[in-house]
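Worksheet for the structure shown next.
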Amino acid sequence: MTTEKKKKNIVVPIILGVLLVIGVIFGITEWNYYSKHVDTDDAQIDGDISPVVARVGGYVKDINFEENTHVTEGQVLVKLDDNDYKVKLEQAQSGQKGASAGVGVAQSQIIATQANTSTAKANVAAARVKLNLANKDYDRYANLVKDGSITQQAFDQAKASKESAQAAYQAATDQYNAAVKQVGTTQSQLAVSSNVISQRQSDIDFAKLQLSYTDIKAPATGIVSKKNVQKGQLVQAGQSLFSIVNDGSIYVTANFKETQLEKIREGSKVEIEVDAYPDDKIQGEVYNFSPITGAKGSLLPPDNATGNFVKVVQRIPVKIKIHPSKELLAKLRPGMSVKASVSTK
């Protein structure tokens, strides 16, 4: 019994010593790691997600994709019934043809009024010649009637011819002025008709644009998600149809505590461990920091001005660029949980 007690007395200190050595080694290892790293498991995979929204309304005619499949930028994914928009385009084109015909009429009127102006100008010249002749006859007859060389009747006839020539000259002048004004009016009408053509061209361009919107194309290359459209469905302008997760836009958003940011710098190396693929380590680097805390950017931010204040450590979203292999990149999805470890050396 004495020997067994001695053995027990020796074993217990040995076990305690081994445990103490293991604890010291573990503590030193942990201290050495956390003195050079900042970790958080409040992190997830993120990516650029492009929503696809209908820009015009209409019935869905064709759907050229399946959910969770890869599409390329510019590919027509949804085709809307475009008959209404084709009719509107034809109406706009007909309106332009009518406006063009109006321009032709206005140009013909300008030519006609210019010809009338030339005729009226010639009439003014002829009336001026007759008026000059009537004035000379009147002056001559006025001298002759004084000495009785002609009768009073001849003088009265010369006077009447003068007044008639004056009236004719005035009428010819008025007609000429009216013809000049008519030319200006017709030119204004031509300008208005030309503006109408421009407006009708704008209507055509707008109708073509609306018609092009019936082909709903992929805004980016990536994987289609959140499909919310069926064949035959009536969609409205502004309605969200599906989303596209852009290729090559995957990154990590890590929410570090505000007390952890002191040693984190832009460009710091980061090791990422994805919960779904723990054996695949991803290297990355800190890209930038959010200008506000996560709580401040929430729908209902906290108000610390209230009387019942409890201090809570806030978290700052940090964007981390990652460099996974092509095989792993194809498996990563926005929303996956990860663990981020930033090297602070």
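The values are calculated or read from the model by the stated rules, or taken from the named source; none is laboratory data. Bear in mind the structure is a predicted one, so any value in this text is a computation, not a measurement. Please note: Cβ atoms are built from the backbone with ideal geometry, for glycine as well, and neighbour counts cover all protein chains shown.
Would you say Glu262 is loosely packed, with under 14 Cβ neighbours inside 10 Å, more than 14 Å from Thr40 (Cα to Cα), out of contact with any Pro (no Cβ under 6 Å at 6 or more places or on another chain) and at pLDDT 90 or above? So Glu262 fails the test. All conditions in (1) in contact (Cβ under 8 Å) with a residue 40 or more places away in the chain; (2) assigned to a loop (DSSP other than H, G, I, E, B); (3) farther than 16 Å from His37 by Cβ hold for Lys345, with the sole exception of (3).
The listed residues are Gln189, Gln96, Gln182, and the only one of them that is surrounded by 15 or more Cβ atoms within 10 Å (Cβ to Cβ), at pLDDT below 70 and closer than 30 Å to Ala207 by Cα turns out to be Gln189.
If you check Ala134, Ala167 for being outside the structural domain of Val229 (by TED's automatic domain parsing), modelled with pLDDT of 75 or more and more than 30 Å from Ile204 (Cα to Cα), only one passes: Ala167. In the range 62-76, the residues that are of a type in the set (Ser, Thr, Tyr) reach residues that are assigned to a strand (DSSP E or B) with C-beta atoms within less than 6 angstrom, at least six apart or across chains, in these pairs: Thr69/Val224. Taken over the range 313-336, the residue count meeting the criterion of being surrounded by fewer than 10 Cβ atoms within 10 Å (Cβ to Cβ), touching a residue at least 12 places away in the same chain (Cβ under 8 Å) and either out of contact with any Ser or Thr (no Cβ under 9 Å at 6 or more places or on another chain) or not in a loop (DSSP other than H, G, I, E, B) (or both) is 1. Scanning the range 229-259 for residues that are surrounded by 12 or more Cβ atoms within 10 Å (Cβ to Cβ) and among the basic types (Lys, Arg) turns up just one, Lys257.
Which of (1) of a type in the set (Val, Ile, Thr); (2) assigned by TED's automatic domain parsing to the domain that holds Pro219; (3) over 30 Å from Leu80 (Cβ atoms) does Val235 not meet, given it meets every other one? For Val235, the failing item is (3).
All conditions but one from (1) touching a residue at least 40 places away in the same chain (Cβ under 8 Å); (2) farther than 25 Å from Asn83 by Cβ apply to Ser198; the one that does not is (1).
Among the residues of the range 283-298, the one identified as over 16 Å from Gln260 (Cα atoms), touching a residue at least 24 places away in the same chain (Cβ under 8 Å) and surrounded by fewer than 15 Cβ atoms within 10 Å (Cβ to Cβ) is Gln283. Taking Gln210, is it outside any strand (DSSP E or B) and touching a helix residue (DSSP H, G or I) at 6+ places or on another chain (Cβ under 9 Å)? Taking the combined requirement at face value, the residue satisfies it.
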